[in-house]
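A quick write-up on the structure given underneath.
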Amino acid sequence: LGLDMEELEEIEEDAGLGNGGLGRLAACFLDSMATLGLAAYGYGIRYEYGIFNQKIRDGWQVEEADDWLRHGNPWEKARPEYMLPVHFYGRVEHGATGAKWVDTQVVLALPYDTPVPGYMNNTVNTMRLWSARAPNDFNLRDFNVGDYIQAVLDRNLAENISRVLYPNDNFFEGKELRLKQEYFVVAATLQDIIRRFKASKFGSTDSVRTVFDSFPDQVAIQLNDTHPAMAIPELMRIFVDIEKLPWNTAWDITKRTFAYTNHTVLPEALERWPVDLVEKLLPRHLQIIYEINQRHLDHIASLFPNDMDRLRRMSLIEEGGTKRINMAHLCIVGSHAVNGVAKIHSEIVKTQVFKDFAALEPEKFQNKTNGITPRRWLLLCNPGLAELIAEKIGEDYVRDLSQLTKLHAFVDDDLFIREVAKVKQENKVKFALYLEKEYKVKINPSSMFDVHVKRIHEYKRQLMNCLHIITMYNRIRRDPAKLFVPRTVIIGGKASWAAPGYHMAKMIIKLINAVAHVVNNDPVVGSKLKVVFLENYRVSLAEKVIPATDLSQQISTAGTEASGTGNMKFMLNGALTIGTMDGANVEMAEEAGEENLFIFGMRVEDVAELDREGYNAQKYYNELPELQQAVDQIESGFFSPKEPDLFKDVVNMLFHHDRFKVFADYEAYVKCQEKVSELYLNSKAWTKMVIRNIAAAGKFSSDRTIKEYARDIWHVEPSDLKIPPPNEPRDAVEDKTPNGTAA
């Protein structure tokens, strides 16, 4: 048709229906489940407005609505025939036949299906996203002879449920609309699952009712963090109130059906819903949660008599001030498996965050280290590197990433070393052109591309990177003639709009842009150092920047980043990592050898020790002249001459309430960065280290992660059967079927 594929790709909007790691992980998981031939469904909300578009105006973050459906979405298909009712508010009547939830308000859930194709196996799974619709009699059935026009306009109140994604990453905001969203997706999904179960041969219906004994053998539900935790009381409500199962039977089935993945240990991120809000919105669910809690606490009291403190710690209900429901505790009690997302994180979950629960049922707690799909994060975004790898080891690695270890044989192959470096250079030139087009900055493509892209958050320590940039700037100015390894420092990410840390996050963005303005316009610096803040970081932009990166920054305070997945994407695409021993960085170092990453800074034990003795930021400031100079420049207005005290809040935080101890790791970080520069001067040694990293990246495929979930939690077998294409008669492939049954 004379159309350019790349041009078409540029026009298409990202479906920005998640905040960062959590939503992107789910997308990788869907890709892997389809590729592994698992009969799996991804359920969520079809937000009309996804994560906001970020504009940078005068160095500040400004949010714009993400009207991603403006031009329609060709990949989705509405399925009005599967529309389902979801109930809110109302009251509970207790009668001889049990509890009844009555006088509720109804919102309809309209499903939209998006196909999820497996890689070259003719499998297509479904992602089903729910959209909220008002029933046609909304506000009209109430005998109010009132205003018909107003009643129709009020339909928006119901339909607002799926209007917009809350843009909080790693922060809990206890808003009623958010709780409505969480229950909405859960109630619609469970009805859908039960409808499908009853229609299958397993939900054999005798004249009276379905036998649910086989339910957990046919259905596994994975809770992606606590956001869908209301599924636990909702399934209990369906079983007990509607299907009339005895409580103990219902609870046994429920526990065997659910498994819970924890994604963060930050206390401000844990969901704790006020009891009075849940009582208003979901009165029956609150009663069920109370009953679950009572039986749970009775059990603990029988094991630990008179241990009131333990009961208080382990209760689903937190007393004191406003009573709240601890959703993580609900998930642990209501699931048969609980997992963290990297070895170190799962240890912290077991030994610190939920240690009372782990002491009670140690076998319930597992690790499932996160992964990424190599289809998107290598083949699609970096075809040059993917092709180069295929030339050396064949194409099978795309479905079995562990085969990348075969690249170890080519670490000393001079031709291969040159080709790997050439692909990286081509990617850098392409990205440099993109930056020049979008940002009007001249980039030196032979400079080291030093990249720090992720959500802006204090724990991710973009401020520490900023201090290093200022330190490099000061060194160049102090001795302009001295050899300096040129760098282009690229920082990107959105600041969570609603979090209290939002003020600090947007100040950090402003500071980075203020520093960039000074550095990029200083003639003494020239092309040695450039700083770019990447606007509106998102998946489609990640696909451009990651293949062009030389150095990946993964510098969270040890014990705060549960896993990270960006770290894995950079490793697979031929970047080297500078990072702390946190999240999956630990396992990356384990796979590649610690000598092939730039590891620095405090370990989890050191952070704990520093907490015990008390973190004193002033001490580091006093002892490190370069840190002192950088902080003084920020404080004095060197980077904001028109508003000298613009950054006083940032400096005050760093001295007096920095939970993430930036100054404590500054010296080790700067010294480690010197080692990075030193290695970059030796192109061949650098590239050999790159090859060792790529060769060690196989573990971090989401295919491996999903195989572990399937084996250890869901109890299903992946199938590598290639389903025949629709144009081939079915019986033609019968003889190709290997022994054993398909999943």
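The values are calculated or read from the model by the stated rules, or taken from the named source; none is laboratory data. What you see is a predicted model; the values in this text were computed from it and never measured. In this analysis, Cβ positions are derived from the backbone assuming ideal geometry, glycine residues included, and neighbour counts consider all displayed protein chains. Each accessible area value is taken on the protein alone, full model and side chains, heavy atoms only, with ligands, DNA and RNA left out. Shrake-Rupley method; radii C 1.70, N 1.55, O 1.52, S 1.80 Å.
Is one or more of the residues making up region 664-680 surrounded by 16 or more Cβ atoms within 10 Å (Cβ to Cβ), acidic (Asp, Glu) and closer than 28 Å to Ser552 by Cα? Yes, some residue in region 664-680 is surrounded by 16 or more Cβ atoms within 10 Å (Cβ to Cβ), acidic (Asp, Glu) and closer than 28 Å to Ser552 by Cα. Confirm whether Ile389 is within 30 Å of Leu311 (Cα to Cα) and among the aliphatic types (A, V, I, L, M). No. Annotation note: of Glu12, Glu63, Glu81, the sole residue that is among the charged types (D, E, K, R), assigned by the TED database to the domain that holds Val102 and touching a strand residue (DSSP E or B) at 6+ places or on another chain (Cβ under 8 Å) is Glu63.
Find the residue count for region 665-695, including only residues that are touching a His at 6+ places or on another chain (Cβ under 9 Å) and not β-branched (Val, Ile, Thr).
Initially, region 665-695 is screened for residues touching a His at 6+ places or on another chain (Cβ under 9 Å), giving 666, 669-670, 673, 691-692, 695.
If we keep only those that are not β-branched (Val, Ile, Thr) as well, we get 666, 669, 673, 692, 695.
Of the residues in that region, 5 qualify.
Each residue in region 211-240 was checked for being in contact with a strand residue (DSSP E or B) (Cβ under 7 Å, 6 or more places away or on another chain) and within 13 Å of Ile194 (Cβ to Cβ), and 2 of them qualify.
Sort out which residues of region 302-347 are of a type in the set (Asp, Glu) and closer than 30 Å to Asn567 by Cα, and write them in order of number. Explain how you work it out, then say what you get.
Filtering region 302-347 for residues of a type in the set (Asp, Glu) gives 307, 309, 318-319, 347.
Across region 302-347, the qualifying residue is only Glu347.
Determine whether region 348-369 contains at least one residue that is touching a helix residue (DSSP H, G or I) at 6+ places or on another chain (Cβ under 8 Å), assigned to a helix (DSSP H, G or I) and under 30 Å from Glu93 (Cα atoms). No: region 348-369 contains no residue that is touching a helix residue (DSSP H, G or I) at 6+ places or on another chain (Cβ under 8 Å), assigned to a helix (DSSP H, G or I) and under 30 Å from Glu93 (Cα atoms). Can you find a residue in region 317-327 that is open to solvent by less than 30 Å² (accessible area, probe 1.4 Å), among the basic types (Lys, Arg) and either in contact with a Leu (Cβ under 8 Å, 6 or more places away or on another chain) or not in a helix (DSSP H, G or I) (or both)? Looking for residues that are open to solvent by less than 30 Å² (accessible area, probe 1.4 Å), among the basic types (Lys, Arg) and either in contact with a Leu (Cβ under 8 Å, 6 or more places away or on another chain) or not in a helix (DSSP H, G or I) (or both), one finds none in region 317-327, hence no.
Within region 412-442, the set of residues being part of a loop (DSSP other than H, G, I, E, B) and either closer than 20 Å to Ser527 by Cα or among the β-branched types (Val, Ile, Thr) (or both) comprises Lys440, Val441, Lys442. Mind listing whichever residues of region 239-261 are touching a residue at least 40 places away in the same chain (Cβ under 8 Å), open to solvent by 10 Å² or more (accessible area, probe 1.4 Å) and either under 18 Å from His87 (Cα atoms) or not hydrophobic (A, V, I, L, M, F, W, C) (or both)? Within region 239-261, Val240, Asp241, Lys244, Lys255, Arg256 meet the criteria.
Taking Ser402 as meeting all but one of (1) over 29 Å from the mean Cα position of the chain (by Cα); (2) on the phi < 0 side of the Ramachandran plot; (3) surrounded by fewer than 14 Cβ atoms within 10 Å (Cβ to Cβ), write down the number of the exception. Only one criterion in (1) over 29 Å from the mean Cα position of the chain (by Cα); (2) on the phi < 0 side of the Ramachandran plot; (3) surrounded by fewer than 14 Cβ atoms within 10 Å (Cβ to Cβ) is unmet by Ser402, namely (1). Pull up region 277-305, narrow it to residues that are outside any helix (DSSP H, G or I) and either touching a helix residue (DSSP H, G or I) at 6+ places or on another chain (Cβ under 8 Å) or outside the structural domain of His87 (by the TED database) (or both), then point me to the one that is most open to solvent (accessible area, probe 1.4 Å). Among those residues, the one meeting the criterion is Phe304. Residue check: Asn339 meets all listed conditions (1) in contact (Cβ under 8 Å) with a residue 24 or more places away in the chain; (2) within 23 Å of the chain's Cα centre (by Cα); (3) open to solvent by 10 Å² or more (accessible area, probe 1.4 Å) but one, namely (3). Just one of the numbered conditions (1) closer than 30 Å to Val164 by Cβ; (2) in contact (Cβ under 8 Å) with a residue 60 or more places away in the chain; (3) in a loop (DSSP other than H, G, I, E, B) is not true of His227: (2).
Going by the conditions given, is His517 in contact with a helix residue (DSSP H, G or I) (Cβ under 8 Å, 6 or more places away or on another chain) and within 24 Å of Asp649 (Cα to Cα)? No, not satisfied.
When you scan region 607-683 for helices (runs of 4 or more DSSP H) that lie fully inside it, which ones turn up with 3 or more residues that are under 14 Å from Cys466 (Cα atoms)? Before you say what the answer is, go through the steps one by one.
Numbers: elements: 617-623, 625-636, 648-656, 662-681.
Per the criteria, 625-636, 648-656, 662-681.
Whenever a residue of region 83-97 is free of Cβ contacts under 8 Å to residues at least 12 places away in the same chain and over 17 Å from Ala187 (Cα atoms), it has no partner that is open to solvent by less than 30 Å² (accessible area, probe 1.4 Å) and of a type outside the set (A, V, I, L, M, F, W, C) lying with C-beta atoms less than 8 angstrom away and at least six residues away or across chains.
Which of the following residues is basic (Lys, Arg), open to solvent by 20 Å² or more (accessible area, probe 1.4 Å), touching a residue at least 24 places away in the same chain (Cβ under 8 Å) and part of a strand (DSSP E or B): Lys506, Lys510, Lys530? Lys530 is the lone residue from the list that is basic (Lys, Arg), open to solvent by 20 Å² or more (accessible area, probe 1.4 Å), touching a residue at least 24 places away in the same chain (Cβ under 8 Å) and part of a strand (DSSP E or B). Tell me, please, whether a residue that is in a helix (DSSP H, G or I), out of contact with any Pro (no Cβ under 9 Å at 6 or more places or on another chain) and either in the same structural domain as Gly583 (by the TED database) or at negative phi (or both) can be found in region 484-500. So far as region 484-500 goes, no, none of its residues is in a helix (DSSP H, G or I), out of contact with any Pro (no Cβ under 9 Å at 6 or more places or on another chain) and either in the same structural domain as Gly583 (by the TED database) or at negative phi (or both).
Within the bounds of region 370-377, is there any residue that is crowded, with 19+ Cβ neighbours inside 10 Å, outside the structural domain of Gln352 (by the TED database), assigned to a strand (DSSP E or B) and among the β-branched types (Val, Ile, Thr)? Within region 370-377 (the criterion being crowded, with 19+ Cβ neighbours inside 10 Å, outside the structural domain of Gln352 (by the TED database), assigned to a strand (DSSP E or B) and among the β-branched types (Val, Ile, Thr)), the answer is yes, since at least one residue qualifies.
Just one of Met327, Met308 is within 28 Å of the chain's Cα centre (by Cα) and assigned by the TED database to the domain that holds Val219; which is it?
Step by step, each of Met327, Met308 is checked, and only Met327 is within 28 Å of the chain's Cα centre (by Cα) and assigned by the TED database to the domain that holds Val219.
Evaluating Met602 against the criteria (1) in contact (Cβ under 8 Å) with a residue 60 or more places away in the chain; (2) closer than 21 Å to Gly340 by Cβ; (3) not in a loop (DSSP other than H, G, I, E, B) leaves one unmet condition, (3).
Taking the stated definitions as given, is Pro267 within 26 Å of Asn170 (Cα to Cα) and in the same structural domain as Lys100 (by the TED database)?
Numbers: within 26 Å of Asn170 (Cα to Cα): yes; in the same structural domain as Lys100 (by the TED database): yes.
Taking the combined requirement at face value, the residue satisfies it.
Of the residues making up region 684-738, those that are assigned to a helix (DSSP H, G or I), modelled with pLDDT of 95 or more and either acidic (Asp, Glu) or over 21 Å from Gly593 (Cβ atoms) (or both) are Ser702, Asp703, Thr705, Ile706, Lys707, Glu708, Tyr709, Ala710, Arg711, Asp712, Ile713, Trp714.
Could you tell me whether Asp649 is over 30 Å from Ala695 (Cβ atoms), charged (D, E, K, R), in the same structural domain as Asp450 (by the TED database) and open to solvent by less than 70 Å² (accessible area, probe 1.4 Å)?
On the way: over 30 Å from Ala695 (Cβ atoms): yes; charged (D, E, K, R): yes; in the same structural domain as Asp450 (by the TED database): yes; open to solvent by less than 70 Å² (accessible area, probe 1.4 Å): yes.
Criteria met by Asp649.
Checking the structure you have, find out if any residue of region 567-587 is open to solvent by 30 Å² or more (accessible area, probe 1.4 Å) and either free of Cβ contacts under 8 Å to residues at least 40 places away in the same chain or not aliphatic (A, V, I, L, M) (or both). No, region 567-587 contains no residue that is open to solvent by 30 Å² or more (accessible area, probe 1.4 Å) and either free of Cβ contacts under 8 Å to residues at least 40 places away in the same chain or not aliphatic (A, V, I, L, M) (or both). Within region 643-658, residues that are at pLDDT 95 or above reach partners that are open to solvent by less than 30 Å² (accessible area, probe 1.4 Å) and part of a loop (DSSP other than H, G, I, E, B) with beta carbons closer than 6 Å, at six or more positions or on different chains, in the pairs Pro644/Gly637; Leu646/Ser640.
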